[in-house]
Amino acid sequence: MHTLSHCSKGEGVPKHWNAANQELVKETMGNWLGELAPWDAFVTWTFDRIVTANGAMFWGKRHLKWLEKAAEQPVYGFVAAERGENGGLIHLHGLLGNLKHMNFYCGNRLAHGQFGNKCCLTHAWPCGYARVFPYNPQKGAKHYVAKYITKDLAAWELFGLPIASQTAFGHKGAEFTQNQGGKSI
């Protein structure tokens with residue numbers, strides 16, 4: 001019998017599981033992610049070139065290390081790779097925490113091919129286009145990112161999660177909302 005613990009290393013679910021079992025894993029994982037930590041952002045990170053799942057995850061880890069320096073505190077997250085339906089290009093989706101005090105989007109549209117700017121979290125992604133939204137538990141992002149453990153690609157990882165749950169006292173800028181006092185990076 002396979003359990004969710006079988007999937008704890010980003011291995012995906014066994015191929016012989018039927019759709020109902022995969023839906024159960026997605027639902028269970030989504031609920032677990034929702035309770036795991038106080039999430040601040042839902043992100044999508046794309047690539048301007050072809051990458052493998054391992055390459056995409058490498059860039060995701062590298063960017064999270066950079067985000068920690070910019071945030072001036074530990075950043076944690078769940079990041080999963082997806083192979084797009086149109087063209088099969090790999091991109092990343094994730095839930096991130098300890099970023100609430102940062103500027104998610106500066107309001108500027110950049111010219112084609114410009115990325116890696118430090119004006120906001122959206123433009124800071126160095127590999128392609130990014131979308132960064134405030135996390136809203138009612139919008140279902142936790143289940144959206146959880147579905148990637150049931151896909152064929154099934155590359156995902158948890159990063160930097162604290163052993164003890166975060167509190168408002170340990171969460172820099174927790175008193176701010178996205179539209180108030182966002183720190184530029």
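Hey, among the residues in region 20-40 that are in contact with a Gly (Cβ under 8 Å, 6 or more places away or on another chain) and of a type in the set (A, V, I, L, M, F, W, C), which one's modelled with the lowest pLDDT? The selected residue is A37.
Residue under question is K61, and the condition is that it be of a type in the set (K, R) and at pLDDT 90 or above; does it hold? Yes. Can L33 be described as outside any loop (DSSP other than H, G, I, E, B), surrounded by fewer than 21 Cβ atoms within 10 Å (Cβ to Cβ) and touching a helix residue (DSSP H, G or I) at 6+ places or on another chain (Cβ under 7 Å)? So L33 fits the description; yes. Among the residues of region 57-82, which ones are among the charged types (D, E, K, R) and under 12 Å from the mean Cα position of the chain (by Cα)? Scanning region 57-82 gives K61, E82. Please tell me if A146 is of a type in the set (G, A, S), touching a residue at least 40 places away in the same chain (Cβ under 8 Å), crowded, with 20+ Cβ neighbours inside 10 Å and more than 11 Å from V43 (Cβ to Cβ). Judged against the criteria, A146 is a match.
Of all residues being surrounded by 17 or more Cβ atoms within 10 Å (Cβ to Cβ) and in contact with a His (Cβ under 9 Å, 6 or more places away or on another chain) in region 52-77, which is farthest from V145 (Cα to Cα)? Just the residue, please. Here the answer is A71. Is at least one residue of region 88-107 within 18 Å of A130 (Cα to Cα), assigned to a loop (DSSP other than H, G, I, E, B), out of contact with any strand residue (DSSP E or B) (no Cβ under 7 Å at 6 or more places or on another chain) and at pLDDT below 90? Yes, there is a match, as at least one residue in region 88-107 is within 18 Å of A130 (Cα to Cα), assigned to a loop (DSSP other than H, G, I, E, B), out of contact with any strand residue (DSSP E or B) (no Cβ under 7 Å at 6 or more places or on another chain) and at pLDDT below 90. Checking the structure you have, find out if any residue of region 51-64 is touching a helix residue (DSSP H, G or I) at 6+ places or on another chain (Cβ under 7 Å) and not aliphatic (A, V, I, L, M). No - not one qualifying residue is present in region 51-64.
The values are calculated or read from the model by the stated rules, or taken from the named source; none is laboratory data. Computed from a predicted structure; not experimentally measured. Cβ sites come from the backbone with ideal geometry, for glycine too, and all protein chains shown count toward neighbours.
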